[in-house]
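What follows is a single structure, written as structure tokens, with notes after it.
The values are calculated or read from the model by the stated rules, or taken from the named source; none is laboratory data. Worth saying up front: this structure is predicted, and the values here are computed from it rather than measured. Note that each Cβ is placed from the backbone with ideal geometry, even for glycine, and that neighbours are counted across all protein chains shown. To get the accessible areas, we keep the full protein, side chains included, count just its heavy atoms, and leave off ligands, DNA and RNA. Shrake-Rupley method; radii C 1.70, N 1.55, O 1.52, S 1.80 Å.
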Amino acid sequence: MTEQSTSKQEEPQEVIEAQDHEATSENDSAPKRGSALPWLLVIVLAAALAGAGWAGYRYVYQDLIATNQQLNEQVTAQEQKLTDLQRELDNKLAELERQQQQLPDLVKRQLQQSEQSLMRSVSEQEQRQSDLARAVQSVQAELASLDVSQATAWRILEARQLVAQASNKLYIDQAPELALQLLELADTHLAALNNPAYQAARQAINDDKVALRSVDADRHLAVAMELSSLRARLLQQDWRINAPTRTLVNEEPPADAPWYEHLQASASTLFQQLIRVQHREKPIEPQLSAAFVELAKQRVLLQLQLAQQAALSQTDELYQRSLQEALALVVELEQQSDLELAALRDDLTKLAAQTLQPDLPEQLRSLALINRHAQAVNAGVSQ
């Protein structure tokens, strides 16, 4: 019994060991089947890395190399441009230095040319002066060869010509200053003769000179300035016609008056505001409008401007006509309104009384005397 039980107990122990051995063998065979998957992942990852490396080398690295080459080419081009610019700058600097070195020589040559031209001009002037001196000497020699009678005739004829020109300048050109200068030159010719026979002619010439010195040749300018001042003063004036005012006399009833008197006073005040009856001793005339007065003022200003232009051009007819029209407008406006225009009317009257032409002598007294002397010289009679 004991052995059977022992064998029975040992038998399950062997069975247990056998089962454990089978489990161990199964456990050892299981890892061998699952160990192939990680190697597959490693191979795939290695292939992916190889593909990524090839793609990076094929596209990225080649692009980087091309970009680097372009950058190198651009740097080379920029360096070439800088080299060219530096060379051009050096050339410019060399040209400027050469011009700076040549500038003193150029200035010296220009100065020499200017000096030569000035020397030529001076020599030409000296030549002309010497020619004129020889001409004067020849004229003096000719005058010295003339006798006294020929010199006298020449001076008398020259004085007559100068007096005739003075008369033309005075009465034709209205230039008393030039006529005065011509008379002074004629007097020098007669004074050079130193002959008492021509004393009367010299006295007449001096009388004519005194008369010309008193001539106011700038009278028209003074008149034009007066007209300008009058226009400026008139522009500042305000020609305004005052409208007739309404004077209302309100007689207030006393405070203790009856109510109907207060009512009557109020009604009278209201009636005077609406309708007013005035008694005038002279006939009622229509009142001038402000536009008409302003138009009349502008017309007066226009006539004054025309008179000023006529004064500057010494046109007496236009000057008088313009002033007369302006004066007529002022008088008419003064009669039809209450404007104070007496001062303007007096100024216009004074200006209209002036003349633009200077008061010239009727004739030159010296002209008749010098003509007689010239006729005597031409006839061969010695004076």
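Taking residue 137, is it at pLDDT below 85, open to solvent by 100 Å² or more (accessible area, probe 1.4 Å) and polar (S, T, N, Q)?
yes
Out of the residues in the stretch 333-354 meeting the condition of being without any contact (Cβ under 8 Å) to a residue 24 or more places away in the chain and either over 24 Å from residue 222 (Cα atoms) or of a type in the set (Phe, Trp, Tyr) (or both), tell me which one is surrounded by the most Cβ atoms within 10 Å (Cβ to Cβ). Let's see the steps before the verdict.
Of the residues in the stretch 333-354, the ones without any contact (Cβ under 8 Å) to a residue 24 or more places away in the chain are 334-335, 340-343, 345-346, 349-350, 353.
Adding the requirement that they be either over 24 Å from residue 222 (Cα atoms) or of a type in the set (Phe, Trp, Tyr) (or both) leaves 334-335, 340.
On the way: 334: 15, 335: 8, 340: 10.
In this case the residue turns out to be 334.
Return the residue satisfying two criteria in turn: it lies in the stretch 214-237 and is modelled with pLDDT of 80 or more and of a type in the set (Lys, Arg), and of such residues it is surrounded by the fewest Cβ atoms within 10 Å (Cβ to Cβ).
Once the filter is applied, the top-ranked residue is 233.
Return the pair list, or none, for Cβ contacts closer than 6 Å from residues in the stretch 175-201 that are more than 9 Å from residue 162 (Cα to Cα) to residues that are assigned to a helix (DSSP H, G or I) and acidic (Asp, Glu), at least 6 apart or on different chains.
The qualifying pairs are 189/158.
Kindly list, by first and then second residue, each pair from a residue in the stretch 98-115 that is open to solvent by 100 Å² or more (accessible area, probe 1.4 Å) to a residue that is hydroxyl-bearing (Ser, Thr, Tyr) and in a helix (DSSP H, G or I), limited to pairs with Cβ atoms under 7 Å and residues at least 6 apart or on different chains.
As it stands, the answer is none, since no pair meets every condition given.
What pairs come out if I take residues in the stretch 300-312 that are open to solvent by less than 40 Å² (accessible area, probe 1.4 Å) and pair them with residues that are among the basic types (Lys, Arg) whose C-beta lies under 7 Å away, six or more apart or interchain?
Listed pairs, sorted by first residue: 301/231; 304/231.
Listed here are the residues, each with its yes/no results for (1) at pLDDT below 85; (2) of a type outside the set (Val, Ile, Thr); (3) assigned to a helix (DSSP H, G or I); (4) farther than 30 Å from residue 162 by Cα.
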site: 288; (1), (2), (3), (4): yes, yes, no, yes
site: 300; (1), (2), (3), (4): no, no, yes, yes
site: 303; (1), (2), (3), (4): no, yes, yes, yes
site: 311; (1), (2), (3), (4): yes, yes, yes, yes
site: 323; (1), (2), (3), (4): no, yes, yes, yes
site: 326; (1), (2), (3), (4): no, yes, yes, yes
site: 333; (1), (2), (3), (4): yes, yes, yes, yes
site: 356; (1), (2), (3), (4): yes, yes, no, no
